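**Student:** Before I ask anything, let me first share the structure, which is written out below as structure tokens.
The values are calculated or read from the model by the stated rules, or taken from the named source; none is laboratory data. Everything numeric in this text was worked out from a predicted model, so none of it was measured. Backbone-built Cβ (ideal geometry, glycine too); neighbour counts: all protein chains shown.
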Amino acid sequence: MNRIFVHITLFAGLFFGNFVVAGETEDMITSAESAAPVSVTQNATIKSPDGMVLRAGSNGYTCYPQQNIIGPMCNEPVWDNLIHAMLNKKEFKPNKLSVSYMLAGEGTALGTSNSDPYASEPSMNKDWVKEGPHLMIVVPDRAMLEGLSSNPEDPVYVMWKDTPYAHIMIKIAAEH
């Protein structure tokens, strides 16, 4: 029961909590903008972890600042849907290829399990990862994942492979 509470507390912060590392609005915007290229962030909506819009955008991307549980990220809507489904333990079937940018890496965030999206701490899981700058890609057909490694030591691998939230991780650089 305690594990479930810890997990819900950690992951709910992504959209509904107040686990912000950067406290000021401008700091949160700067943190969120570090997740993707300027070509994405300049017209992206920036939200605080509790969902408050800090800056409205027009390109369909939503960017979030660094938090205790996850590094800054910029998501296309399909990615926000994936995270929402995961938080609510719902099935998820993407309808198209979608990208999430995490070019600032995990920063001081905790990291995650490569196999279990509900693992809440490194000591509970043997395949805990904390990546440097990377992209995440969700694909509309699971067959597109066949033949890809699920080993986080590889530069391209599938995370959460045996779950509805499976996605491709593409390392851009090593964690600093």
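**Student:** So, in segment 147-160, exactly how many residues are surrounded by fewer than 17 Cβ atoms within 10 Å (Cβ to Cβ) and not β-branched (Val, Ile, Thr)?
**Tutor:** Filtering segment 147-160 down to residues surrounded by fewer than 17 Cβ atoms within 10 Å (Cβ to Cβ) leaves 147-149, 151, 153-156.
Of the ones still in play, those that are also not β-branched (Val, Ile, Thr) are 147-149, 151, 153-155.
Residues flagged as surrounded by fewer than 17 Cβ atoms within 10 Å (Cβ to Cβ) and not β-branched (Val, Ile, Thr) within segment 147-160 amount to 7.
**Student:** While we're on this one: Based on what the data block shows, is Asn88 closer than 26 Å to Gly57 by Cβ and under 14 Å from the mean Cα position of the chain (by Cα)?
**Tutor:** On the way: closer than 26 Å to Gly57 by Cβ: yes; under 14 Å from the mean Cα position of the chain (by Cα): no.
Taking the combined requirement at face value, the residue does not satisfy it.
**Student:** Filter segment 35-72 for residues that are in contact (Cβ under 8 Å) with a residue 60 or more places away in the chain and not in a loop (DSSP other than H, G, I, E, B) and give the result. Talk me through it step by step, then tell me what you get.
**Tutor:** Of the residues in segment 35-72, the ones in contact (Cβ under 8 Å) with a residue 60 or more places away in the chain are 35-37, 40.
Across segment 35-72, the qualifying residue is only Val40.
**Student:** Which residue out of Ala143, Ala85, Ala173 is small (Gly, Ala, Ser), surrounded by fewer than 14 Cβ atoms within 10 Å (Cβ to Cβ) and not in a loop (DSSP other than H, G, I, E, B)?
**Tutor:** Values: Ala85 fails: surrounded by fewer than 14 Cβ atoms within 10 Å (Cβ to Cβ); Ala173 fails: not in a loop (DSSP other than H, G, I, E, B).
Exactly one of Ala143, Ala85, Ala173 is small (Gly, Ala, Ser), surrounded by fewer than 14 Cβ atoms within 10 Å (Cβ to Cβ) and not in a loop (DSSP other than H, G, I, E, B), namely Ala143.
**Student:** Collect the residues in segment 144-176 that are touching a strand residue (DSSP E or B) at 6+ places or on another chain (Cβ under 7 Å), of a type in the set (Ser, Thr, Tyr) and within 19 Å of Val99 (Cβ to Cβ), keeping them in residue-number order.
**Tutor:** Tyr157
**Student:** Kindly indicate whether any position in segment 65-82 is modelled with pLDDT of 95 or more, surrounded by 15 or more Cβ atoms within 10 Å (Cβ to Cβ), out of contact with any strand residue (DSSP E or B) (no Cβ under 7 Å at 6 or more places or on another chain) and closer than 27 Å to Asp162 by Cα.
**Tutor:** yes
A quick yes/no check of all residues on (1) within 24 Å of Asn68 (Cα to Cα); (2) among the aromatic types (Phe, Trp, Tyr):
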residue: Trp128; (1), (2): yes, yes
residue: Val139; (1), (2): no, no
residue: Asn151; (1), (2): no, no
residue: Val158; (1), (2): yes, no
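**Student:** Among the candidates Trp160, Trp128, which residue alone is at pLDDT 95 or above and either in contact with a Pro (Cβ under 8 Å, 6 or more places away or on another chain) or within 21 Å of Ser48 (Cα to Cα) (or both)? I'd like the intermediate steps shown before the answer.
**Tutor:** Values: Trp128 fails: at pLDDT 95 or above.
Result: Trp160 is the single residue among Trp160, Trp128 that is at pLDDT 95 or above and either in contact with a Pro (Cβ under 8 Å, 6 or more places away or on another chain) or within 21 Å of Ser48 (Cα to Cα) (or both).
**Student:** It is to be established whether one or more residues within segment 96-108 are within 12 Å of the chain's Cα centre (by Cα) and either surrounded by fewer than 17 Cβ atoms within 10 Å (Cβ to Cβ) or of a type in the set (Asp, Glu) (or both).
**Tutor:** First, pick out the residues of segment 96-108 that are within 12 Å of the chain's Cα centre (by Cα): 99-106.
If we keep only those that are either surrounded by fewer than 17 Cβ atoms within 10 Å (Cβ to Cβ) or of a type in the set (Asp, Glu) (or both) too, we end up with 106.
For segment 96-108, residues within 12 Å of the chain's Cα centre (by Cα) and either surrounded by fewer than 17 Cβ atoms within 10 Å (Cβ to Cβ) or of a type in the set (Asp, Glu) (or both): present.
**Student:** Still on this structure, please answer the following. Scanning for something without any contact (Cβ under 8 Å) to a residue 40 or more places away in the chain, part of a loop (DSSP other than H, G, I, E, B) and closer than 18 Å to Pro37 by Cα, does segment 121-136 turn up at least one residue?
**Tutor:** No, every residue in segment 121-136 fails to be without any contact (Cβ under 8 Å) to a residue 40 or more places away in the chain, part of a loop (DSSP other than H, G, I, E, B) and closer than 18 Å to Pro37 by Cα.
**Student:** Could you tell me whether Ala32 is more than 26 Å from Pro164 (Cβ to Cβ) and not in a loop (DSSP other than H, G, I, E, B)? Walk me through it before giving the result.
**Tutor:** Values: more than 26 Å from Pro164 (Cβ to Cβ): yes; not in a loop (DSSP other than H, G, I, E, B): yes.
Here the answer is yes, as Ala32 does meet what is asked.
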